[in-house]
1. Between E88 and T15, what's the calculated FRET efficiency when r is the beta-carbon distance and R0 is 25 Å? Round to 0.05.
2. So if R0 is 30 Å, what FRET efficiency would L158 and I7 give, r being the distance between their Cβ atoms, rounded to the nearest 0.05?
3. Per 5 Å bin from zero, what fraction in whole % of the C-alpha pairs of the stretch 88-143 is there, up to the bin with the longest pair?
Amino acid sequence: MAPRCRIRSALPPPTHPDGGLGTACDQDAEVLIKLRHPGYPDNKNVLLVFPALDPITADHDDSNNDDNDNNGSNDGTNAKAAFGMHHETARLACAIAANNRWDGFLSRQKGPNATTVLSGPDEVLPAGSYYFHVPPLSNGLSPSPPLSLSSSLLISLLISLLADASPI
């Protein structure tokens, strides 16, 4: 005899503890952190995209946030946002995607003379575009191919861990 099955009623839509207010600065625009590869054109260089969910405190110094530093890239993000992403989390996500290059840094500039973002590792990066730069390898060899299966799994693990983490 076949087991009896019954269909459950639909679940209600998911809710967020802040009522969904932490996902955008205004109701018309989504605020994103776009992490980019500096060696490709801006229309083809996005490595990772995250929603800007971490609130930026009132004492946050935004003096390093110059919209002209991203080489004219207008990707629809709001660099003067009230939300952003934990700096070190963004850097580590890029490091995993770049074949575990832990020596990389984030910058608003794309070129070879780019300087690191001035915020500390535990500060919040304002929404916008950032380029992940790595120094040349000391042995002169080309790096291994990016994003192996294990790197993809590590990124998924990192994202799931971040979803379970408490706010900063």
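1. That pair, E88 with T15, gives E of 0.30.
2. Once the sixth-power term is evaluated, E becomes 0.25.
3. Pair shares across the bins are 4, 19, 28, 26, 16, 5, 3, 0.
Read-outs: derived from the displayed coordinates by stated rules, not from any lab. In this text the structure is predicted, and so the values were computed from the model without any measurement. FYI the Cβ positions are ideal-geometry reconstructions off the backbone, even for glycines, and counts take in every protein chain you see.
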